[in-house]
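Report on the structure given below.
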Amino acid sequence: MKYEVLIAAFAMLAPTAAFAGEALDAVKPFYDHIGTELDPTERGRFVDPAKSVLDARDRLVKSGQGDCLDDNMALDNAAYDKAEFDKSLKLAESENGETAVVVAAFMASNEPHRMQWKLKKVDGQWKIADLLSVTNEWALSQYQCE
């Protein structure tokens, strides 16, 4: 039942999705290489509030005090089988001027997941402003990494 609800919600977004793909292109690397969002060399892909949280996480890790984020946030922090994930991943975007939303729907651990990437256009490029789990109701911007 949960999977059918996810598919229905995803289908409702699809007709409004822009076909330019620029916002999609900003999100795809996070699914091509799981864990990219935590790589400090990739901070240029982000703007606040996400960038501030990730920068705070980097400082915390560098201090030796541990970590405040999971390794696979793009996958809703779920264990996953690569074949199942690759087969099920669907991306759709909706652009509205200088903002965009990319929805990623996929299966992980035999459960449907839906992630929402909020983007802002900065100097002509799409940057990640926030990452939200629709399935598990969390947002990167809500983390306190101090």
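Okay, here's what the table says:
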item	result
Most mobile listed residue (VAL61, VAL27, VAL102) in the chain, GNM with C-alpha springs under 10 Å	VAL61
Three-way shape label, the chain, alpha-carbon gyration tensor, a/c 1.5	oblate
Top positive-direction residue, dipole computed over the chain with Cβ charges, set PRO49, ALA105, VAL61	PRO49
Modelled label reach - ASP71, point 7 Å along Cα→Cβ, the stretch 24-46 residues with backbone N closer than 15 Å	33-39
Lysine pairs with alpha-carbon atoms under 16 Å apart, the chain, spacing 8 or more or separate chains	12
The chain: relative contact order as a whole-number percent, Cα under 8 Å and 6+ apart	27 percent
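Computed from the coordinates by the stated procedures, all read-outs in this text should not be read as laboratory data. Note that this is a predicted model, so its numbers are computed, not measured. Note: ideal-geometry Cβ built from the backbone for every residue, glycine included; neighbour counts use all protein chains shown.
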